[in-house]
1. Work out how much length Asp46 to Glu239 would gain on full extension: take 0.36 nm times their residue separation and subtract the Cα-Cα distance, in nm to one decimal.
2. Rounded to the nearest 5, what is the percent of antiparallel bridges among the DSSP beta bridges in segment 170-294?
3. Under 10 Å, Cα contacts only: if you run a Gaussian network model on the chain, which one of Ala273, Ala242, Ala75 comes out with the highest mean-square fluctuation?
4. Which distance in nm do the two modelled labels at Asp113 and Asp125 give, with both placed 7 Å along the Cα-to-Cβ direction?
5. Looking only at Glu93, Glu250, Glu35, which one moves most when the chain is put into a Gaussian network model with springs between Cα atoms under 10 Å?
6. Between segment 175-203 and segment 51-123, what's the alpha-carbon centroid distance in Å?
7. Mind giving me the FRET efficiency for Thr251 and Ala272? R0 is 25 Å, r the Cβ-Cβ distance, nearest 0.05 is fine.
8. Choose one answer from Ala130, Ala225, Ala209: the residue with the largest mean-square fluctuation in a GNM of the chain with alpha-carbon springs under 10 Å.
Amino acid sequence: MALRLPRSAGLATPFSALALAALLNAAPALAVDSEALQAAVSARSDEDKQRDSARHPLQTLTFFRVEPGMTVAEALPGGGWYTRILVPYLGSEGTLYGLNYVDRMWPMFGYGDDWVKARKASTRDFAGQAKGYGAEGITARGFTFGTVPPEAQGQVDRVLMIRALHNLFRFEDSAGTLSQALSATRALLKPDGLVGVVQHRAPESASDASTNGSRGYLKQSQVIAVFEAAGFTLVDQSEINANPRDEIGETEIVWRLPPSYSGTRDDPDKKAAVDAIGESDRMTLLFRKTGDPQ
């Protein structure tokens, strides 16, 4: 499946129709265990919890209808911030997959050999890392978008793409990363499975050139259009992770903000300015797998 990234795409469906679609397509009442989720969120390190006021993990995972015992695939799990919540929450009856780029992708970021080696190893070592986060007996496995094992296909309840889509967009033209990721997602999901997206958000007035993923920001209409073209339907959206203080033009990168502070950490005035903003403005979207891709 090859995707053409939309140009100046508007919301494909008016809000009233979205609301109706959400009602008609809503899953039956789910067993989101708020006490267990709160316990998993509260049990983490103080360093992890410092980000909660910006990332709202309790509300986000509730919105994504994640239940204990589910099979969940976490796209580009990175340093494990959400993994450390998911493992104890899913519990010993749950399954967690770490879903990464194929190995040839990591050098494209331009970092050193040690960084590349560590990222490649993170896929192979995901099971051990996950099991170290507090759920005795959880099933965990790492693989890539290009190596989805047959036994995982059609078995996943939720695919979570949290602050991951910009890099998939960024390398789509050169390496087909977005097409590969969405194809893998469709293959993984159960017929009633859902995809949860949290993504740094650019204003709809931003140019297409400035929202190709290289700055970390995407337009919400872009994301919706690409998912719809890949055979998904938007069933709900939320402002849980919105931050209106993050007002950007055509040049700002998301990594200037905490916790990265790229280009701002060593300048007291710049650091104070981005601290006043906080983390990025983010869309929060929920998709259901539907018919064949367009």
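Please treat every number below as a calculation from the coordinates, not as lab data. The model shown is predicted, which means the values in this text are computed figures rather than measured ones. In this analysis, Cβ positions are derived from the backbone assuming ideal geometry, glycine residues included, and neighbour counts consider all displayed protein chains.
1. My answer for the length gained is 67.0 nm.
2. Values: 13 of 15 bridges.
Percent antiparallel among DSSP bridges in segment 170-294 is about 85.
3. Ala273
4. It works out to 1.8 nm between the two label points.
5. Of the options given, Glu35 has the highest mean-square fluctuation.
6. What the calculation gives is 14 Å, centre to centre.
7. So the FRET efficiency works out to roughly 0.80.
8. Checking each option, the largest mean-square fluctuation is seen for Ala209.
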